[in-house]
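All remarks here apply to the structure that follows.
The values are calculated or read from the model by the stated rules, or taken from the named source; none is laboratory data. Everything numeric here is computed off the predicted structure, so don't read it as measured data. FYI the Cβ positions are ideal-geometry reconstructions off the backbone, even for glycines, and counts take in every protein chain you see.
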Amino acid sequence: MHFKSWDDISPPPNAAEQQLKAAAEAGEFCELGPRDQIPEEPANWQTLTAAQEARHIRAEVLRLILLNGDGCDTAAKGVVMRGAYISGSLDLTNCIIPGSLILYDCRLEYRIFAPRSKWAGDLRLKTCALPGLKAGGTEFRGQVSCEAVNFSSPEAEALNLQRTEVKGGLFLRNTTLNRSAHLGGVKVGGQMSCKGTTFNTPKGMALTLRDAEITGGLYLSNITQIRGILDLSDAKTSILVDNPHSYPPTGALILDGFTYDRIIGSTDSKTRLDWLAKGDRWNGEFFPQPYKQLAKTLHDMGHEADAQEVLYTLATKLAAERKKELHKKIASQRPHSPVLGLAIGLRLRLGTERMTDFLLRSVVGYGRKPFRSLGWLIGLIALCSVFAVGAWHHGDFAPNSAPILRSVEWRELSDHPNAAQHWVQTSPTGKDWESFHPLAYAADVVIPIVEFGQTEAWAPSTERGPWGYHLWWLRWVFTTLGWIVTALGAAALTGLIRRD
C-alpha cells in the first residue's frame, strides 16, 4: 500500500525523512551522509544500526514527497539528496513526477521501478548502489544520468529503458552493470555516453540498443569493458564516437542495420574493417549492410580511398558467401541421386563462379581498383616479349608479307640461321622495313585497341623452330587475355561492374 498523505505514514516519519521533506519543500539539498562514497551494504535492512537509521529513508516516504502528495508541498526542483539508505521498493509505475529525483552517495535496497511514468525533470544517480532501474515506456523531459553507479541486480536485467523517451541526454558514466542493460527502442534527444562503464553479462546480452534513436550522438569511447553481447542492430545516431577497445570480441557484436552520419575516432579502413568483422555475422548469417553503411559514411566524410577499400572487402566476402552456398548445395546432393544433372550443373556453376570471382578480384578489384588491370597488361606484355625475344634471336620470325617471302633475296636466306635479322641488316628492302622490337610487338599482340604496326610487319614461323612455333599459338592466348583485361579495366573505370 502506498501512503496517501503525510499523516498516513506509519510508523511516523523519522528524523531523516522529516529533514528530506523540509529540504524538498524549500527546494534545497538534503545532506544525510558523506560525499563521494557509497554507503556500506547493511547486514540486515530490517534492523539498521543507529548510524544507518539516522540516514534511513523509506521508499514509500520518498515516493510521497517526490509526487508532491497530500501534506507535502514539494518545490518544482523535486528531490535532491545525499548519503541516504533507502529501504523498500520505490514504485513509480504510471506516475507523473512533477520534478527531478537526484540522488548522490545513496544505497537502495531494491530497484527503482518506474515503467510508463512521466517525468518533468531529471533522474540522476551519482555514486549510488542499487539492484536496478526499470523504466520502460517512460517519458523524461530532462536527462537520465547514472555516474559511478553500481547496478547488481539478482534478476536478468539491471537497466531497462526499452521504448523510453529521453528529451535530454542519457549518460552511463563510470558505472558497473552486472546484468543486462536493455535500451531497445530508446529515443534520446541529446547524447548518449557510456564512457568508463563496465557491462558485465558474460553469458547474455550486455547492452542492447536495437532500434534506438540517438539524436545527439552515441559515445562509446573509453568503455572499460563489455563482457557479453552488444546489440546495435537497427540503431540510429548522428555521430558515432568510439575507439577499437569499445567493442566486445567477434561473435558478441551485432551491427546489422546500425546507421550513423559521422564518425569521431579511427577512420582508416584497416581499423574499421576489423571492427566490422566483429559484428557482420550473427547466428551464421552474413550481413552486408554494415559495410555499405561504413562506406557511405567514409565517402561523405571525404575518405574516398578508405570507402573503396571497404566496398572491395564487402565484394570479397559476398563472393565467398556465394561459393559457400554452392558448396552446401553440392554437399546436400546424394551420391546416387536421380537428379544427377542438378549436381553437375551446380559444380559447373561453382567453377564459373570461381573463375569469374578470380578475374573480377585480381584484375579490377571488383571494380574498386581499376588500375590493377594496367598491372596485368604490363605483365602480359612483359611475358609475351620474353617469347618474342626468344623467337627473334633464334631466327623464328619472318616478314608478314607474301611478296617479300616470294622474293629472290629472301629465298636466298632460307638456310641462314637468323634470316630475319640478317635481312634487315643487309637488304635494302629489309633496312626500310618496320624495325622489330619485342616490347612493341608484345604490346601489339596484347592490347587490342592499339596498333603499333609490329604484327602487320612480322609473324612468328611455325617451321623455323620451337620458339616461333610456341609464340604462334601463344599469341592467341595473349590476345584473348588482353581483350579480357582491357574490357574489365574499361568497365571498372566507367563503373559498370561495381556492385553498389
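So which of Ile239, Ile229 ends up being in contact with a strand residue (DSSP E or B) (Cβ under 7 Å, 6 or more places away or on another chain) and under 15 Å from Leu207 (Cβ atoms)?
Going through Ile239, Ile229 in turn, the sole match is Ile229.
Of all residues in segment 185-219, which are in contact with an Asp or Glu (Cβ under 6 Å, 6 or more places away or on another chain), assigned to a loop (DSSP other than H, G, I, E, B) and closer than 23 Å to Ser153 by Cα?
Gly185, Arg210
Look at segment 22-58 and say how many of its residues are more than 17 Å from Leu125 (Cβ to Cβ) and among the acidic types (Asp, Glu).
4
Of Glu463, Glu451, which residue is under 52 Å from the mean Cα position of the chain (by Cα), acidic (Asp, Glu) and not in a helix (DSSP H, G or I)?
Numbers: Glu463 fails: under 52 Å from the mean Cα position of the chain (by Cα).
Step by step, each of Glu463, Glu451 is checked, and only Glu451 is under 52 Å from the mean Cα position of the chain (by Cα), acidic (Asp, Glu) and not in a helix (DSSP H, G or I).
Can you find, within segment 158-213, the residue that is modelled with the lowest pLDDT among those that are among the basic types (Lys, Arg) and out of contact with any Gly (no Cβ under 8 Å at 6 or more places or on another chain)? Working first, answer last.
Applying the first criterion (among the basic types (Lys, Arg)) to segment 158-213 yields 163, 167, 173, 179, 187, 195, 203, 210.
Next cut, out of contact with any Gly (no Cβ under 8 Å at 6 or more places or on another chain) only: 187, 195.
Values: Lys187: 98, Lys195: 93.
By that ranking, first place goes to Lys195.
Looking at Gln18 and the list (1) at pLDDT 95 or above; (2) polar (S, T, N, Q); (3) touching a strand residue (DSSP E or B) at 6+ places or on another chain (Cβ under 9 Å), which single condition is not satisfied?
(3)
Glu321 is checked against (1) at pLDDT below 90; (2) out of contact with any strand residue (DSSP E or B) (no Cβ under 9 Å at 6 or more places or on another chain); (3) not aromatic (Phe, Trp, Tyr) and fails just one. What number does that condition carry?
Exception for Glu321: condition (2).
Closer than 22 Å to Ser461 by Cβ and surrounded by 22 or more Cβ atoms within 10 Å (Cβ to Cβ) - does that describe any residue in segment 397-407?
At the first step, the residues of segment 397-407 found to be closer than 22 Å to Ser461 by Cβ are 397-407.
With the extra rule that they be surrounded by 22 or more Cβ atoms within 10 Å (Cβ to Cβ), the set shrinks to 397, 399.
Yes, some residue in segment 397-407 is closer than 22 Å to Ser461 by Cβ and surrounded by 22 or more Cβ atoms within 10 Å (Cβ to Cβ).
Of all residues in segment 83-93, which are out of contact with any Ser or Thr (no Cβ under 6 Å at 6 or more places or on another chain) and either in a strand (DSSP E or B) or without any contact (Cβ under 8 Å) to a residue 60 or more places away in the chain (or both)?
Gly83, Tyr85, Ile86, Ser87, Gly88, Ser89, Leu90, Asp91, Thr93
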